[in-house]
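Below is one structure, written out as structure tokens; the observations come after it.
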Amino acid sequence: MSVLKILQYPDSRLKIIAKPINKITKEIKKISYDMLDTMYKKEGIGLAATQVNIPLQIIVVRSNNNNKKPYLILINPEIIEKKGNISIEEGCLSIPEYRAFIPRSKYIKVKAINLYGNLIEIEAKSILSVCIQHEIDHLKGKLFIDYLSLLKQERIKKKIRKINKKIMLKDKN
């Protein structure tokens, strides 16, 4: 498999709304496994296809409460039930220099399609619930920093511009 390039904030492609998948093909399976390779290589706990410039409804997440596999691949995921509140400090592979506490649902039930084309329902709580909600937001063109105040968003943009300038200067030398 391959490690894919992750789009970095403020890339406008991160705001693209992903399209649903109608059929599980070899290409969809390859994309999903490439996304897993990318997530593991970058030491993330979740990744949405939109983060690797693929506007399709695919997310991958690490799953420590799924005994069969250490990961989940969800196609066309949709939250069908939410309960409770939780706020865990979130980060993002597309915004590596920033973390924030974001209010989320503590428990969710999600319906999705697996790589065999079967409709599945999964229940998630705590950090797995937060991770899935975070990745589904990506499919809707929403970043975790969109939950923050405009002032905090502007600070993040300035910080990232400075970091990007340093990287560009380093690359020139």
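The values are calculated or read from the model by the stated rules, or taken from the named source; none is laboratory data. Since this is a predicted model, take the numbers as computed values, not measurements. Ideal geometry is used to build each Cβ from the backbone, glycine not excepted, and the neighbour counts take in all protein chains shown.
Restrict the check to segment 106-116 and report whether at least one residue is surrounded by 14 or more Cβ atoms within 10 Å (Cβ to Cβ), of a type in the set (Phe, Trp, Tyr), within 28 Å of Ser12 (Cα to Cα) and in contact (Cβ under 8 Å) with a residue 12 or more places away in the chain. Full working, then the answer.
Within segment 106-116, the subset surrounded by 14 or more Cβ atoms within 10 Å (Cβ to Cβ) is 106-115.
This time we only want the ones that are of a type in the set (Phe, Trp, Tyr), so: 107.
Going one step further and asking which of them are within 28 Å of Ser12 (Cα to Cα), we end up with none.
No: segment 106-116 contains no residue that is surrounded by 14 or more Cβ atoms within 10 Å (Cβ to Cβ), of a type in the set (Phe, Trp, Tyr), within 28 Å of Ser12 (Cα to Cα) and in contact (Cβ under 8 Å) with a residue 12 or more places away in the chain.
Could you tell me whether any residue of segment 64-83 is farther than 19 Å from Leu119 by Cβ, more than 14 Å from the chain's Cα centre (by Cα) and at pLDDT 95 or above?
Yes, segment 64-83 contains a residue that is farther than 19 Å from Leu119 by Cβ, more than 14 Å from the chain's Cα centre (by Cα) and at pLDDT 95 or above.
Give me the strands (runs of 3 or more DSSP E) completely within segment 1-83, filtered to those with at least 2 residues that are in contact with an Asp or Glu (Cβ under 7 Å, 6 or more places away or on another chain) and buried (at least 16 other Cβ atoms within 10 Å of the Cβ), ordered by residue number.
Of the strands (runs of 3 or more DSSP E) lying wholly inside segment 1-83, those with at least 2 residues that are in contact with an Asp or Glu (Cβ under 7 Å, 6 or more places away or on another chain) and buried (at least 16 other Cβ atoms within 10 Å of the Cβ) span 46-48, 58-62.
Of all residues in segment 1-31, how many are more than 15 Å from Ser94 (Cα to Cα), at pLDDT 95 or above and not aliphatic (A, V, I, L, M)? Break it down into steps so the answer makes sense when it comes.
Step one: filter segment 1-31 for residues more than 15 Å from Ser94 (Cα to Cα), giving 1-2, 17-31.
Filter once more, keeping what is at pLDDT 95 or above: 17-31.
Add one more test, that the residue is not aliphatic (A, V, I, L, M), and what stays is 19-20, 22-23, 25-27, 29-30.
Residues that pass the stated criteria total 9.
Tell me yes or no: at least one residue of segment 136-154 is over 20 Å from Ala18 (Cα atoms), touching a helix residue (DSSP H, G or I) at 6+ places or on another chain (Cβ under 9 Å), without any contact (Cβ under 8 Å) to a residue 12 or more places away in the chain and assigned to a helix (DSSP H, G or I). Before the answer, list the steps.
Of segment 136-154, the ones over 20 Å from Ala18 (Cα atoms) are 148-154.
Those left that are additionally touching a helix residue (DSSP H, G or I) at 6+ places or on another chain (Cβ under 9 Å): 148, 152-153.
Checking the rest, the ones that are also without any contact (Cβ under 8 Å) to a residue 12 or more places away in the chain come to 153.
Within this subset, residues satisfying the condition of being assigned to a helix (DSSP H, G or I) are 153.
Within segment 136-154, one or more residues are over 20 Å from Ala18 (Cα atoms), touching a helix residue (DSSP H, G or I) at 6+ places or on another chain (Cβ under 9 Å), without any contact (Cβ under 8 Å) to a residue 12 or more places away in the chain and assigned to a helix (DSSP H, G or I).
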